[in-house]
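Since the structure comes first, as structure tokens, the remarks are kept for the end.
The values are calculated or read from the model by the stated rules, or taken from the named source; none is laboratory data. For clarity, every value in this text was computed on a predicted model and none was experimentally measured. Glycine also receives a Cβ, built like all others from the backbone with ideal geometry; neighbour counts cover every protein chain displayed. What goes into the accessible areas is simple: the full protein's heavy atoms, side chains included, and nothing from ligands, DNA or RNA. Shrake-Rupley method; radii C 1.70, N 1.55, O 1.52, S 1.80 Å.
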Amino acid sequence: MPLNYHMPLYRPPSEGDNLIIQVTLGCSFNRCSFCSMYREKAYQQRPLADLVADIDRAARSWPDARRVFLADGDALGLPTAQLSAVLDALHERLPNLARISCYATPANILQKSDAELAQLREQGLTLLYLGIESGSDSILRRITKGASSRGIARAMQRADEAGLKVSATVILGLGGKRRADEHIDGTIALLNAAPVTYLSTLQLYLDAGISGEFMEKFAAEGGEPFEMPDDRSMLEEQLRLLAGLNPPKPLIFRSNHASNALALAGNLPRDRARLLAQVEGALHGEVGLRPSYLRGM
């Protein structure tokens, strides 16, 4: 019997072919002005008995599953005891399981003790998807992220110390036309201060249902209106970001999300020159961009 998911259901691009277990519904914060993913869901932590029943059904349908993604928006927000029980149930029923991952917020990580993070890693939780969005505190306030650059850096550092891999995302265009340099320079400083294993960039897309809220909140700090950058401006942000990154540890870089005008892939700092050349080529019209009708969230 297939699992009955509570829709909408989101997962990172790299989890598209993997088993998904919905351990929470919605997002515990759910106030980021740029994100419409869970606006129609009330946050809930699903009962453990329901989760075990889902895992049993999934194991019967897909006994050879090797990778599992725990949805919804911030599964790491579950109490450690319950999350631990979920991890044990997955490993008991899926003998070939090699990776368990989930979305996380900076607050999720910081609310766990070092011992709890280490315990979850020992039980097979290996990868956290963390939206950092920007390293500029001004931009983070304007988008109602509910986190500071210092807090995000602490969360990334603590995850790394616990042996958890972090896949971080940055949203190009989030500072608008006027604050592009501030947005990217703050992000460079953040990523150069704390380690991540993977880094992805997305291009800003505002759903019609939240666009007005985003504009209002952005302008509320200082009265400065938001102006949406075009593809060229976002490519220039990408160029600035790639040129400035000097991460504490080598990282795997991707811009393969469907929102991006230009798909990139490489390792940093090793492939910096090639990646910069690809972006330069796009800026000079030598590399084609993804048509707008093929883009989406």
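When DSSP beta bridges are restricted to pairs lying wholly in the chain, around 20% turn out antiparallel.
Each Cα pair of segment 148-204 feeds into the Kirkwood radius, which the Stokes-Einstein equation turns, at 10 °C and 1.306 mPa s, into a diffusion coefficient of 133 µm²/s. Dividing the Cα radius of gyration of segment 103-143 by its Kirkwood radius returns 1.10 for Rg/Rh. In terms of its C-alpha gyration tensor, segment 253-297 comes out oblate, because a/c is 1.5 or above while a/b does not outweigh b/c. Debye-formula intensities of the chain, expressed as log10 I(q)/I(0) at q = 0.13, 0.14 Å⁻¹, are -0.93, -1.07 (one equal scatterer per alpha-carbon, no solvent). In the chain, taking the dipole from charged Cβ atoms about the Cα centre, the farthest positive-side position among 229, 186, 166 is held by 166.
Tell me, what % of the accessible area of the chain is carbon and sulfur with a 1.4 angstrom probe? The nonpolar share, carbon plus sulfur, comes to 50 percent.
The residues of segment 13-286 expose, per residue, 41 Å² of accessible area to a 1.4 Å probe. For segment 1-110, the list of GluC sites (Glu not before Pro) that fall in a loop by DSSP and count at most 14 other C-beta atoms within 10 angstrom reads 40.
Phi angles of segment 251-257 translate, via the Karplus equation with coefficients 6.51, -1.76, 1.60 and θ = phi - 60°, into HN-Hα couplings of 9, 9, 10, 9, 10, 8, 5 Hz per residue; Gly and Pro are given as x.
Relative to the Cα centre, the charge distribution of the chain, modelled as +1 at Lys and Arg Cβ and -1 at Asp and Glu Cβ, gives a dipole magnitude of about 300 debye. Along each principal axis, taking the top coordinate minus the bottom one, the Cα set of segment 86-182 gives 53, 24, 18 Å in descending order. Working note: 222 nm ellipticity from helices only, DSSP H runs with n ≥ 4, each -39,500 (n - 2.57), summed and divided by the residues of the chain, gives -12000 deg cm²/dmol to the nearest 500. Rounded to the nearest whole Hz, the Karplus-based 3J(HN,Hα) values (6.51 cos²θ - 1.76 cosθ + 1.60, θ = phi - 60°) of segment 165-176 follow the sequence 6, 10, 9, 9, 10, 10, 9, 5, x, 5, x, x, with x at glycine and proline. Across all Cα pairs in segment 138-240, the calculated P(r) in 5 Å bins from zero up to the longest distance comes to 2, 12, 21, 23, 19, 13, 7, 3, 0 percent per bin. Evaluated over the Cα positions of segment 170-297, the convex hull gives a direction-averaged projected area, one quarter of its surface, of 7.9 nm².
Amide H to amide H, with H built 1.01 Å from N, residue 202 comes under 5 Å of 170, 171, 172, counting only residues 5 or more places away or on other chains. When cysteine pairs in the chain are screened for C-beta atoms closer than 4.7 angstrom, the residues that find no partner are 27, 102.
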